[in-house]
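Everything below concerns the one structure shown next.
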Amino acid sequence: MGPNPTDRGRSGSKLNVMTDSDGTPIAVLVSAANEHDVNFILPLVFTKFPHVSGAKGRPRTKPEVVRADAGYTSQDVLDVLACADIRGEIPQRGHTPTERLGRKRWPVERAIAWLKQFRRVGIRRDRLGVIYKAFVDMACIMIAYREIAKS
């Protein structure tokens, strides 16, 4: 029979995106498609979160709430977030969610759709991850610029 014709011998990529409440991308980690999402939520929250200023006092160094889909399900992640005084809204497998998390999480899904509208981000043809990450960062800059220009 031969190999699967959809594989084409290339590995896939996955975008782990952090957005603000409006859906503007703040930080993105590019990971291999075959790696588990749980490995990337803590580095995204604790190392990639920018210092947000604007209000009086010190700039914010961590988010107040982290919302994620079921791919990031882990009690250990929820425990680490709770120790850092961050409220984690991640649905746990086997439990029916009491609130509709999808209504609050759609800005993230929309941001991923906006990123994938850029040709070099939507279909990865670059072999080097550094080049692909550069195009993802440029797409984030363009999306943020569009959102700022609207207001």
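Here is a yes/no grid of residues against (1) assigned to a loop (DSSP other than H, G, I, E, B); (2) surrounded by fewer than 14 Cβ atoms within 10 Å (Cβ to Cβ); (3) modelled with pLDDT of 85 or more; (4) not hydroxyl-bearing (Ser, Thr, Tyr):
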| site | (1), (2), (3), (4) |
| --- | --- |
| Ala55 | yes, yes, no, yes |
| Arg58 | yes, yes, no, yes |
| Lys62 | yes, no, no, yes |
| Asp79 | no, yes, yes, yes |
| Ala82 | no, yes, yes, yes |
| Asp85 | yes, yes, yes, yes |
| Gly88 | no, no, yes, yes |
| Gln92 | yes, yes, no, yes |
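Looking at Asp37, is it buried (at least 17 other Cβ atoms within 10 Å of the Cβ), of a type in the set (D, E, K, R), over 24 Å from Arg146 (Cα atoms) and at pLDDT below 85? Yes. Is there a residue being in a loop (DSSP other than H, G, I, E, B), out of contact with any strand residue (DSSP E or B) (no Cβ under 9 Å at 6 or more places or on another chain) and not small (Gly, Ala, Ser) anywhere in the stretch 39-46? No, that holds for no residue. Exactly one residue out of Arg120, Arg105 is in a helix (DSSP H, G or I), modelled with pLDDT under 85 and within 17 Å of Lys14 (Cβ to Cβ), and it is Arg105.
Does Ala149 qualify as being modelled with pLDDT of 85 or more, more than 18 Å from the chain's Cα centre (by Cα), among the aliphatic types (A, V, I, L, M) and part of a helix (DSSP H, G or I)? Criteria met by Ala149. The set of residues from the stretch 79-94 being of a type outside the set (D, E, K, R), over 16 Å from Arg60 (Cα atoms) and touching a residue at least 12 places away in the same chain (Cβ under 8 Å) comprises Val80, Gly88, Ile90, Pro91, Gln92.
The values are calculated or read from the model by the stated rules, or taken from the named source; none is laboratory data. Source: prediction; values computed, not measured. Glycine gets a Cβ as well: all are built from the backbone with ideal geometry, and neighbour counts include every protein chain shown.
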